[in-house]
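What follows is a single structure, written as structure tokens, with notes after it.
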Amino acid sequence: MNNLLHTCKQLLCAAALIGLPACDWIHDDSLPLCEYRLHFKYDYNMKFADAFQQEVDQLTLFFCDEAGNFLYQRQINQAELTDGSIALDLEPGTYQLLTWAGLKADSYELPQLTAGTSTIKDIKARTLRNADATQPNELDALWHGLDTLVVTRDVPESKTVSLAKNTNKLRVVLQNVMGEDMDVNNFTFQIVADNGYMDYDNSLLEDPEIHYLPYYTENVQIGADPTEGATIGSQFVAVAELNTMRLMDGRNYRLIVRHEGWENDVLNVNLNNYLLLTKMEGHRISAQEYLDRQDEYSIIFFMTPVTCPDCPDPEDPDPEKPDPEDPDPEKPDPEDPDKPDPKPDPDPKPDPAPEDPTIVGYACFKIQVKDWVIRLNQGEL
């Protein structure tokens, strides 16, 4: 037996010399424990391809024991990761590992934990918002992962942690179908959703609604001919970008667009319903999986002006009501009945051109979500 043990040690030494791992797989205290390595990936996206190293730059790992009692947490930045992985010096045992990637104090309320008192159920993430429930800032991207680690350290071991993204970005474009310019400064945009408080298992906790406001707006010129001296016309469209947290199928999250001075909303729609219209049948995934995998959306609303040609100009007098200070020239002057009628104007001027009818609203009969064009019947929105 001693000869066999000696032979094994010699083989391990030889393996170490040629770069193979040598560790305590024969329970020899003279050898180091075997490595335990965590690998991270983010392929829960619509490309079904790992984008972890391209997108994730910070990890917060929360270690709990098998019963869920909080032990400690560890911050890992991108420089510490080797090909998307890191070695951990863990004692043999079973652990619950909760990963929040991108959990930064600029965007989220960090959990306050105490070893021995806190549990895994206390490791929640809450999106920051202003006192008036608005969130006008671009949020840091946030990912979640929950795993069980079984560590022996008798042989080289590894675990792959898969992450799911919680943050979403929405780009809204308003385009006038009549070719007229739209000014983003005339509109307000918001997403209203109660999705800002995530539990340890990434389910949503009860939380007041957040009003996500644009972190970016712009008037964008489209249709212009780039050729020098060209006279082909163009128009401006209104563009706004907003973010929101995890989208849940079956919830009534609202996208609301308003125009200054108008009583009725320009748009007030169930956002999820329109985003789900872009789910391609070939993917064969559920609505919730689609909403979890997709994280960027663009919607173009083609707006048809609604005019009011019969609305009176408030600056003009009522045409049905005569002005007492402007007597009818065709009637004789009662104070001087012999006074001749006024002579006609020898150089009559044409009536001024009527102004364009007042736009009192917009109707939307067509939208484009990403590359999908959807035509709507009146009232569908």
- Looking at this structure, is A87 more than 25 Å from R246 (Cβ to Cβ) and modelled with pLDDT of 95 or more? yes
- From D154, D140, which residue is free of Cβ contacts under 8 Å to residues at least 60 places away in the same chain, surrounded by fewer than 18 Cβ atoms within 10 Å (Cβ to Cβ) and assigned to a loop (DSSP other than H, G, I, E, B)? D140
- Item | Identity of the residue in the range 37-83, in a strand (DSSP E or B) and of a type in the set (K, R), that ends up nearest to Q112 (Cα to Cα) | R74
- Subset of the range 157-178 (residues that are polar (S, T, N, Q) and either more than 15 Å from the chain's Cα centre (by Cα) or assigned to a loop (DSSP other than H, G, I, E, B) (or both)): S158, T160, S162, N166, T167, Q175, N176
- Message: Suppose we keep only residues that are surrounded by fewer than 16 Cβ atoms within 10 Å (Cβ to Cβ) and either touching a helix residue (DSSP H, G or I) at 6+ places or on another chain (Cβ under 8 Å) or among the aliphatic types (A, V, I, L, M) (or both) within the range 171-223. Which one would you say is farthest from M303 (Cα to Cα)?
- Response: D199
- Can you tell me how many residues in the range 256-276 are farther than 19 Å from N45 by Cβ, of a type outside the set (F, W, Y), in contact with a strand residue (DSSP E or B) (Cβ under 9 Å, 6 or more places away or on another chain) and part of a helix (DSSP H, G or I)? 1
- Message: Can you find a residue that is at negative phi, assigned to a loop (DSSP other than H, G, I, E, B) and touching a Lys or Arg at 6+ places or on another chain (Cβ under 6 Å) anywhere in the range 84-92?
- Response: yes
- Task: Determine if the range 105-116 includes at least one residue that is assigned to a strand (DSSP E or B) and polar (S, T, N, Q).
- Result: no
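The values are calculated or read from the model by the stated rules, or taken from the named source; none is laboratory data. These numbers were taken from a predicted model, which means no experiment stands behind them. So basically every Cβ, Gly included, is an ideal-geometry build from the backbone, and we count neighbours across all protein chains shown.
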